[in-house]
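**Student:** Quick one: the structure is below, and I'll ask about it shortly.
The values are calculated or read from the model by the stated rules, or taken from the named source; none is laboratory data. What you are looking at is a predicted structure, and each value in this text was computed from that prediction instead of being measured. Cβ: placed from backbone, ideal geometry, glycine included. Neighbour counts: every protein chain shown. The area values use the complete protein model at the heavy-atom level, side chains included, leaving out ligands, DNA and RNA. Shrake-Rupley method; radii C 1.70, N 1.55, O 1.52, S 1.80 Å.
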Amino acid sequence: MGLLSTIFGILCGFLNSIFSLFAFGIGTSIGLVIGYYAFINALPTDVEDVKVCPLVEEDLETLQRLIPEIPLWVKNPDFDRVDWLNRFIENMWPYLDRAICATAKNIAKPIIDEQTPQYKIQSVEFETFTLGTIPPTFQGMKVYTTDDKELIMEPSIKWAGNPNIIIAVTAYGLKATIQVLDLQVFGIPRITLKPLVGIFPCFASIFVSLMNKPHVDFGLKLLGVDLMAIPGLYRFVQELIKDQVANMYLWPQALEVQIMDPEQALKRPLGILDVTVVKAVKLQRKDLLGKSDPYVKLNLREEKVAFKKTTVKRSNLNPEWNEEFSFVIKDPATQVLELRVYDWDQVGTHEEMGLNVVPLKDLTPDEPKVLTLVLLKTLNPNDPQNNKPRGQLVIELVYKPFKEDEMLDDIDDSGKMEKAPEGTPAGGGLLVIIVHEAQDLEGKYHTNPHVRLLFKGEERKTKRIKKNRDPRWDEEFQFRLEEPPTNDRLHVEVYSTSSRIGLLHSKESLGHVSINLVDVVHNRRVNEKYQLIDSRNGRVQIELQWRT
């Protein structure tokens with residue numbers, strides 16, 4: 001009996017467990033079904049369907065806020081998508097950071113050295129210079145094709161980086177540190193690679209201009225104090241930097257970064273073009289007394305070489321010059337000789353009387369050719385103004401190509417260089433600057449020119465020449481240097497000063513140019529005519545020598 005009681009108890013417990021699980025399953029299922037129907041029936045019945053409509057009809061402000069964030073390649077078909085470039089820059093950024101910082105310091109140093117003396121600043125040094133870990137992003141890129149040997153690109157750049165730039169400034173014996181951080185730059189620069197050459201990296205210089213004022217935002221700390229937190233200073237500094245950057249690099253002004261010597265990169269001279277300006281016939285009357293004072297300007301069209309010009313023939317409508325000029329020819333198949341006749345005027349702009357061109361491909365080598373050119377108003381053959389008679393210009397041309405054993409590396413070699421005098425530092429040398437002459441200077445109020453040289457904070461000046469648009473100085477200046485000026489620039493500016501005491505416009509700039517000195521270190525001597533910035537036709541001839 002005891003055994004049966006035990007077996008019966010076990011069986012009853014097992015059956016009880018089975019029924020308990022079955023009851024749990026039945027109860028749970030019934031509860032879920034009842035809960036589902038209760039939830040459905042409890043939903044509100046007055047809910048309306050969501051109305052979908054265009055954003056422009058409902059919220060114009062939201063749309064306008066979104067538009068600036070849309071990449072340019074979406075909004076403007078002229079811009080191409082450049083995701084590949086963003087990935088490339090992201091991977092190369094640690095190395096680009098170091099290279100860009102080194103280049104920026106080399107460019108900024110001579111500019112700072114020029115400006116510090118006028119503010120009584122003793123030194124400006126970069127203690128820390130890094131662009132951080134966040135690379136810029138390109139929102140799109142526009143590429144231009146031209147007939148010149150150049151490549152033009154306009155990328156849309158947005159950069160919200162985390163740079164750390166610490167600058168130490170010493171003035172009046174006191175040292176202060178300025179920190180720049182949290183920099184944001186949005187802008188569209190124009191990057192021009194020119195001239196394109198057949199030597200790697202296939203371009204000689206990089207020119208960077210800004211197509212509009214950039215958006216610049218940053219933090220600025222002086223002695224650990226956030227200056228941007230001062231009321232009103234943030235907006236003032238931001239606008240000041242925008243204006244200063246725009247004044248320096250807004251197109252057509254540009255920042256030039258030279259990669260290689262353009263003269264060495266371009267083709268070697270292939271020959272010499274001899275031009276004789278013989279005479280002009282039946283020129284127009286330009287002066288009030290029925291005469292003109294003509295002269296002729298000659299140059300190779302679209303080439304960065306100096307103009308050549310004849311003498312001025314006073315009160316003559318049929319002048320005879322018989323003056324000879326020579327040009328170095330590097331590509332006779334494409335180069336064109338341009339001739340323009342001007343009426344010289346002592347006051348105001350010289351008036352153009354006519355022009356014409358001669359393609360060098362039309363010349364037979366070593367065969368003199370006399371041409372009578374009809375002077376035109378423009379080079380447009382359909383311009384009705386060309387039907388008006390303007391006179392004729394008679395010239396004689398002969399193109400003399402070099403033979404293989406006569407090819408010149410430098411046709412302007414004037415002989416051996418002098419050595420630096422005793423006392424010159426062993427690792428350095430003597431920089432000699434010779435200011436020869438200037439041409440076509442034009443002042444708005446007066447033209448009494450002299451040249452101002454600024455190098456490493458030191459200023460030198462030539463003598464003043466009164467009432468002369470084509471002055472000649474031939475003055476020499478010397479600087480002894482501890483090391484070669486490979487990263488320095490020479491600032492040249494031509495000024496005119498009034499000869500009258502108390503005149504409102506006592507001083508006037510006639511143009512300026514900044515010369516990179518790396519060429520004179522490598523070539524030992526450079527003698528060129530430089531086009532003056534902010535001048536219509538003004539040029540200045542500067543000879544540079546590096547003596548060691």
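**Student:** Pull up the cross-link candidates among the lysines for Lys361, meaning alpha carbon to alpha carbon under 22 Å and not fewer than 8 places away within one chain.
**Tutor:** Output for Lys361: Lys149, Lys267, Lys297, Lys304, Lys308, Lys330, Lys369, Lys400, Lys403.
**Student:** Please name which of Thr133, Ala171, Ile206 has its Cα lying farthest along the dipole of region 132-244 towards the positive end, using unit charges on Cβ (Lys, Arg +1; Asp, Glu -1) and the Cα centre as origin.
**Tutor:** Positive-end residue among those listed: Ala171.
**Student:** Put +1 on the Cβ of each Lys and Arg and -1 on the Cβ of each Asp and Glu in region 419-547; which of Thr497, Gln531, Ile542 then has its Cα farthest toward the positive end of the dipole?
**Tutor:** Thr497
**Student:** For the pair Ile134 and Asp182, how long in nm is the line joining their label points, each one 7 Å along Cα→Cβ?
**Tutor:** About 1.1 nm separates the two model spin labels.
**Student:** Taking R0 as 35 Å, what's the FRET efficiency between Thr311 and Ser509 from their Cβ-Cβ distance, rounded to 0.05?
**Tutor:** Values: r = 28 Å, r/R0 = 0.81.
The computed FRET efficiency comes out at 0.80.
**Student:** Roll a 1.4 Å probe over the protein chains and send me the accessible area per residue for region 419-547 in Å².
**Tutor:** 49 Å²
**Student:** Let me ask another. If the limit is 20 Å between Cα atoms, which of Lys109/Lys158; Lys105/Lys158; Lys286/Lys388 go over it?
**Tutor:** Table pairs above 20 Å Cα-Cα are Lys109/Lys158; Lys105/Lys158.
**Student:** Same structure, new question: Run the simple label-point estimate for Glu150 and Ala168 please: 7 Å along Cα→C-beta, distance reported in nm.
**Tutor:** 4.2 nm
**Student:** Here is a follow-up. Which number do you get for Rg(Cα) / (2.2 N^0.38 Å) in region 267-405?
**Tutor:** Region 267-405 yields a ratio of 1.09.
**Student:** Over the Cα atoms of region 76-176, compute the convex hull volume and normalise it per residue, giving Å³.
**Tutor:** 155 Å³
**Student:** Quote the FRET efficiency, to the nearest 0.05, computed for Ser123 versus Ala102 with a Förster distance R0 of 22 Å and r equal to the Cβ-Cβ distance. Before the final figure, lay out each step's value.
**Tutor:** Numbers: r = 19 Å, r/R0 = 0.88.
About 0.70, to the nearest 0.05.
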